[in-house]
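J.: My structure is below; once you've seen it, I'll send some questions.
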Amino acid sequence: MRLDKFLKISRLIKRRTVANEACDAGRVFVNGKQARASYEVKEGDVLSITMGERVLKAQVLSVTEYAKKEEAGSLYRIIEE
C-alpha cells in the first residue's frame, strides 16, 4: 500500500492530500530515509513524521486496505513522540 494512503487509513494524518504534501515537503521518513508518497509500506517499517516542532515515530504492525476508526490504532505502534 502507498505511504500516503497508509497514513490516512491509520489516521496518523487526517487527509490523504495532506499526507501527500508532507511526503513532497520531505517531512516523512521511512527507516531513516526520506520517502515519497508512492513508497510501498511493509510491516516492520519505522515511520518518522515531522509535524511542526514535534517528531512522531511509529512502527507499522499491519497493512490493510480498510480500517474502522476503532481499528486504526492497531495498524501501528508509537515508538517515540
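The values are calculated or read from the model by the stated rules, or taken from the named source; none is laboratory data. Since the structure is predicted, the reported quantities are computational estimates derived from the model, not experimental observations. Here the Cβ is made from the backbone with ideal geometry for all residues, glycine too, and neighbour counts use every protein chain on show.
J.: Looking at the stretch 23-39, can you tell me whether even one residue there is in a helix (DSSP H, G or I) and modelled with pLDDT of 90 or more? Break it down into steps so the answer makes sense when it comes.
T.: Within the stretch 23-39, the subset in a helix (DSSP H, G or I) is 23-24.
Okay, now just the ones that are also modelled with pLDDT of 90 or more, so 23-24.
Taking every residue of the stretch 23-39 in turn, at least one turns out to be in a helix (DSSP H, G or I) and modelled with pLDDT of 90 or more.
J.: Here's another thing I want to ask about it. In the stretch 39-80, how many are within 22 Å of Ala25 (Cα to Cα), exposed (fewer than 11 other Cβ atoms within 10 Å of the Cβ) and either in contact with a strand residue (DSSP E or B) (Cβ under 8 Å, 6 or more places away or on another chain) or in contact (Cβ under 8 Å) with a residue 24 or more places away in the chain (or both)?
T.: Total satisfying the criteria: 2.
J.: When you look at Ala25, is it of a type in the set (Gly, Ala, Ser) and surrounded by 12 or more Cβ atoms within 10 Å (Cβ to Cβ), yes or no? Please lay out each step first, then the result.
T.: Working: of a type in the set (Gly, Ala, Ser): yes; surrounded by 12 or more Cβ atoms within 10 Å (Cβ to Cβ): no.
It is false that Ala25 is of a type in the set (Gly, Ala, Ser) and surrounded by 12 or more Cβ atoms within 10 Å (Cβ to Cβ).
J.: Exactly one condition in (1) part of a strand (DSSP E or B); (2) of a type outside the set (Val, Ile, Thr); (3) more than 10 Å from the chain's Cα centre (by Cα) is false for Ser48; which is it?
T.: Tallying (1) part of a strand (DSSP E or B); (2) of a type outside the set (Val, Ile, Thr); (3) more than 10 Å from the chain's Cα centre (by Cα), Ser48 fails exactly one: (3).
J.: Another one. Anything in the stretch 11-46 that is among the small types (Gly, Ala, Ser) and either touching a Ser or Thr at 6+ places or on another chain (Cβ under 6 Å) or within 24 Å of Lys69 (Cα to Cα) (or both)? List them, or say none.
T.: Of the stretch 11-46, the ones among the small types (Gly, Ala, Ser) are 19, 22, 25-26, 32, 35, 37-38, 44.
Ala19, Ala22, Ala37, Ser38, Gly44, listed by residue number.
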